[in-house]
1. So, Tyr189, is that one more than 30 Å from Gly89 (Cβ to Cβ), in contact (Cβ under 8 Å) with a residue 12 or more places away in the chain, assigned by TED's automatic domain parsing to the domain that holds Asp10 and under 18 Å from the mean Cα position of the chain (by Cα) or not?
2. Residue check: is Lys148 touching a Gly at 6+ places or on another chain (Cβ under 6 Å) and modelled with pLDDT of 95 or more?
3. Just checking, how many residues over region 79-101 are within 20 Å of Ile273 (Cβ to Cβ) and of a type outside the set (Gly, Ala, Ser)?
4. Would you confirm, using the coordinates I've provided, whether Val52 is of a type outside the set (Phe, Trp, Tyr), crowded, with 21+ Cβ neighbours inside 10 Å and either under 23 Å from Lys198 (Cα atoms) or at pLDDT 95 or above (or both)?
5. If the requirement is being at pLDDT below 95 and among the acidic types (Asp, Glu), which of these qualifies: Glu86, Glu120?
6. Condition check: in a helix (DSSP H, G or I), among the aromatic types (Phe, Trp, Tyr) and not assigned by TED's automatic domain parsing to the domain that holds Glu139. Does Tyr68 satisfy that?
7. Among the residues of region 128-145, count how many are small (Gly, Ala, Ser) and at pLDDT 90 or above.
8. Looking only at region 105-112, decide whether some residue is closer than 22 Å to Glu244 by Cα, part of a loop (DSSP other than H, G, I, E, B), more than 19 Å from the chain's Cα centre (by Cα) and not charged (D, E, K, R).
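The values are calculated or read from the model by the stated rules, or taken from the named source; none is laboratory data. The structure displayed is predicted, hence computed values, not measured ones. In this analysis, Cβ positions are derived from the backbone assuming ideal geometry, glycine residues included, and neighbour counts consider all displayed protein chains.
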Amino acid sequence: MTDVEFYLFDLKSKFQKINPNQYYLSYSGGKDSHFLYWFIKEYAKIDGIEIVGCNTYMEHQEIRKRIYDNSDKVLLPTMKPFEIKEKYGIPCFSKEQDFYIYYYQNAIRKGKKPSKTILEKINGTYEKGFNGISKKAREYVLYGNAHKITHLCCYYLKKKPFHDYEKQTGKKAILGIRGEESALRKKQYQSCFTKDKKFTPIYDLSDELLEKIIKKYNIEVPKVYEYINRTGCMGCPYGSYKHETEKELKLITEKQKEFVCDLFKESYEILGIGDKNGKKRN
């Protein structure tokens, strides 16, 4: 038995741990969730699992088409991107850093003193685990006229629609999350089930083995993966540290580029993300 055959056999055994009628596949149209879609629909032919996608208004066109083509149900967020920007702000440095920046700014705007932990994270004096935000972020937030920064766009555009769906149906999510995607995910996902009973069957699937399976079974992969490693929200500043954001801006249409450059304008300026000619947008 090859490593591919063994993994797929083992994955089948993992799915025997759940009642298909009580779970749905959270389908993003990306490589990992589409692998699970292929496994459920074509390889294992498991009946009863509903395929549920979400149109966040921020997908690449190819990804959005896959969501509508393959989903049994497509959810819509209750807030649109510019509404989130107006109320909460936009992403900038990283999800973890923006978490602390958001609660710091939120307290300051309300005339309140931020909590001791938030202050220590912002000032870089926290001594347990992650020290805090970067020097660049700290200087911008403490000494500059920083724009509203938040980590919450992902929650309102992606997580909340699925949370609402779960409340309505009583179903639990099957998530295409893998530990190799990041150090944080490797720490968070170490078994097939989360504390709230979400099913994460490919948490231990390596990049190398996934590529072998895709090649062996000719599983369709969006062409956008030829240029970028992950397909989150179009133009998200969080891709800047690996220059993924700049790559994305070259892949999308002029209309899409105008939209994301307007949405993320302030974060692009502080991060030095330019337009297709490498110039910062005004």
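1. On the way: more than 30 Å from Gly89 (Cβ to Cβ): no; in contact (Cβ under 8 Å) with a residue 12 or more places away in the chain: yes; assigned by TED's automatic domain parsing to the domain that holds Asp10: yes; under 18 Å from the mean Cα position of the chain (by Cα): yes.
No, not satisfied.
2. Values: touching a Gly at 6+ places or on another chain (Cβ under 6 Å): yes; modelled with pLDDT of 95 or more: yes.
Criteria met by Lys148.
3. The first filter runs over region 79-101 and keeps only residues within 20 Å of Ile273 (Cβ to Cβ), leaving 81-82, 84-85, 89-98, 101.
Right, trim to of a type outside the set (Gly, Ala, Ser) and you get 81-82, 84-85, 90-93, 95-98, 101.
Final tally of qualifying residues: 13.
4. Values: of a type outside the set (Phe, Trp, Tyr): yes; crowded, with 21+ Cβ neighbours inside 10 Å: yes; either under 23 Å from Lys198 (Cα atoms) or at pLDDT 95 or above (or both): yes.
Here the answer is yes, as Val52 does meet what is asked.
5. Working: Glu86 fails: at pLDDT below 95.
Exactly one residue qualifies, and that residue is Glu120.
6. Working: in a helix (DSSP H, G or I): yes; among the aromatic types (Phe, Trp, Tyr): yes; not assigned by TED's automatic domain parsing to the domain that holds Glu139: yes.
Yes.
7. Just the residues of region 128-145 that are small (Gly, Ala, Ser), to begin with: 129, 132, 134, 137, 144.
If we keep only those that are at pLDDT 90 or above as well, we get 134, 137.
Count: 2.
8. Residues of region 105-112 closer than 22 Å to Glu244 by Cα: none.
There is no residue in region 105-112 that is closer than 22 Å to Glu244 by Cα, part of a loop (DSSP other than H, G, I, E, B), more than 19 Å from the chain's Cα centre (by Cα) and not charged (D, E, K, R).
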